[in-house]
Amino acid sequence: MSKSEHGEVSTPRLSVRAQREIWKPYRDAALGLRNYWYPVCFAADLADGRPKPLQVMGERLLLRRVGERICALEDRCAHRRVSLSHRERVGAGRMECHTEDTITCWYHGFTYSFLSGKLVSNISWPTCPLVGELSIKTYEVRQAQGLVFVWMGDEEPGPLEHDVPPGFLDADLVIAGRVRVVPANWRWGVENGFDSTHVYLHRNSVLFNESRTFIPLALVPKNLSGAGANLITDGGRMGISEDLATAYDPVFAAEVGEPGGERVQLAVNPRTDEGFVPSVPEISIWLPGMLGVRNFPVAGLTVYEHYVPLDERSHYYFQLLGKRCATPREADDFREEVRSKWESFLMDGFNGDDVIAREAMEEAYTRGGGWLEETLTAQDLCIYEWRNLVSRHARGIARAPVPGAGEKV
Ligand code: FES
Ligand code: FE2
């Protein structure tokens, strides 16, 4: 890489302008990547048998448990295209489920099967000839690791293991965590999570007192040309892995301005504070946008984060922790540890700073001139790698809807 006159980075082969051209698919992917499995909720959220309305990639969905099966239905009536959950979402009544596997539209009574999407009855015209003929869209669903995954695509679903990090579906890996909505585009979720440079933001996090670890003030890629980038094409799975311990130089203190000026350092002093161990994990990112952070917040645990597009302005932020457990007792203890400790120190405290950063990026890339005026430097290697990965290898992209053209593009 070399620095342009504006301080931006370009590879020896590509100008900044060419780089931006290469990233056009990524810039267009406001609603995410098509033809992937996405986690949309936890299976436990559907235990009561009531339909759960969700928006994924701008599409309205209804998820519901019917017996052992979890079904996903388009949340739009075929008649006038209103959302079947609309009245409930505005607090005007509950969704009308007269049987355990149907939903009836609140407007004129069209009734659909959750299993097939078919119109099984039209209450306002009992002899309607469209009964049995008309249907709304159903989505393929898989359950794994306590999560419900939905296939968001136009092609036939591929294997789920291609769309999650390696080992994520292993039988001895126990996953615990939660999901929240963050008011920022999904790309700011990924770019925040996979950004090796933002250790600065976290330098004095409350997490480190609890985990008895510390992270450097900064991490600088040893090889600024990006030659160490580790693109993994593992069957149908694609991702990038960065070993922060070996491929980066840590910085523990810096001076601002002239030598002898203001000194910036960590709250933990790694030389004098007893019992704190450095945490420099291996981070990886996988299409369609799932982060893995091994040995974080402590050795033996892995952070998994999935950034699922809700619409152009927000994403579901799955905050998950994984641990390999040999017995059910160990698994229960781990779930309790997540609830009692990591939810507050990691998911609220540490990741609370990430959420603020993503909200700021949303503002920056919608009103602050972001795409055209950003200045990426050599330290932003991870961002280059991720944007290249999506632009070159994503199965499909989902653009923002064209105003006036309806929801679908
Ligand atoms: Fe649903 Fe008419 S809009 S039945
Ligand atoms: Fe972070």
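The values are calculated or read from the model by the stated rules, or taken from the named source; none is laboratory data. Note that the coordinates shown come from a computational prediction; the quantities given were computed from them, not determined experimentally. Heads up, the Cβs are rebuilt from the backbone with ideal geometry, glycines too, and the neighbour counts pull from every protein chain shown. We work out accessible area using only protein heavy atoms, side chains counted, and drop any ligands, DNA or RNA first. Shrake-Rupley method; radii C 1.70, N 1.55, O 1.52, S 1.80 Å.
General remarks:
- For the range 53-69 versus the range 148-224, the spacing of their alpha-carbon centroids is 24 Å.
- Sequence-ordered 3J(HN,Hα) estimates for the range 252-264 from the Karplus curve with 6.51, -1.76 and 1.60 and θ = phi - 60° stand at 10, 7, 8, 10, 9, x, 5, x, x, x, 4, 9, 10 Hz, glycine and proline given as x.
- Carbon and sulfur %, accessible surface of the range 50-123 computed with the full protein complex present, 1.4 Å: 46 percent
- Positive contributions from Lys and Arg (+1) and negative ones from Asp and Glu (-1), summed over other residues with Cβ under 11 Å from the Cβ of ARG324, come out at -2.
- Computed from phi, the 3J(HN,Hα) profile of the range 366-374 under the Karplus parametrisation 6.51, -1.76, 1.60 (θ = phi - 60°) reads 10, 10, x, x, x, 4, 8, 10, 4 Hz, with x in place of Gly and Pro.
- Whichever aspartates and glutamates have a C-alpha closer than 19 Å to that of LYS222, once near sequence neighbours (fewer than 8 apart) are set aside: GLU8, ASP195, GLU242, ASP243, ASP249, GLU282, ASP380, GLU385
- Put a dot 7 Å past the Cα of ALA92, heading toward its Cβ, do the same for ASP48, and the two dots end up 2.2 nm apart.
- Ratio Rg/Rh [Cα only; Rh per Kirkwood] for the range 104-170: 1.18
- In order along the range 336-349, the Karplus-derived 3J(HN,Hα) couplings, from 6.51 cos²θ - 1.76 cosθ + 1.60 at θ = phi - 60°, round to 5, 4, 5, 5, 8, 10, 6, 4, 7, 6, 8, 6, 8, x Hz, and Gly and Pro are given as x.
- Residues of type aspartates and glutamates that LYS341 reaches as a straight line, Cα spacing below 17 Å, ignoring anything fewer than 8 places off in the same chain: GLU210, GLU330, ASP332, ASP333
- Between the amide H of VAL174 and those of LYS323, ARG324, CYS325, distances stay under 5 Å, these residues lying 5 or more places away or on another chain, with hydrogens modeled in the peptide plane.
- Listed as lacking a disulfide-compatible partner in the chain: CYS41, CYS71, CYS97, CYS128, CYS325, CYS382, by the criterion of no other cysteine Cβ under 4.7 Å.
- Based on DSSP H segments of at least four residues, each scored -39500 (n - 2.57), the chain has a per-residue ellipticity at 222 nm of -5000 deg cm²/dmol.
- Computed with a 1.4 Å probe over protein heavy atoms only, the accessible surface of the range 314-409 comes to 49 Å² per residue.
- When only Cα pairs below 8 angstrom with a gap of at least 6 residues are kept, the chain shows a relative contact order of 22 percent.
- Tilt relative to the chain, helix 381-393 - C-alpha long axis, 0 to 90 degrees, to 10: 40 degrees
- Between the amide H of LEU84 and those of ARG76, CYS77, distances stay under 5 Å, these residues lying 5 or more places away or on another chain, with hydrogens modeled in the peptide plane.
- Against the rule of thumb 2.2 N^0.38 Å, how large the Cα Rg of the range 228-377 comes out: 1.26
- Pairs of alpha carbons in the range 325-409 whose separation is greater than 21 Å (percent): 63 percent
- Given in Å, the Rg to one decimal and the Dmax to the nearest whole number for the Cα atoms of the chain are 23.5, 87.
- Contact order relative to length of the range 248-318, as percent, for alpha carbon pairs under 8 angstrom and 6 or more apart: 15 percent
- To put it simply, the accessible area of the range 231-336 at a 1.4 Å probe is 50 percent carbon and sulfur.
- Long-range HN-HN contacts of HIS315 with modeled amide H, under 5 Å: VAL182, ALA184, LEU310
- Based on Cα contacts under 8 Å between residues 6+ apart, the range 287-409 shows a relative contact order of 14 percent.
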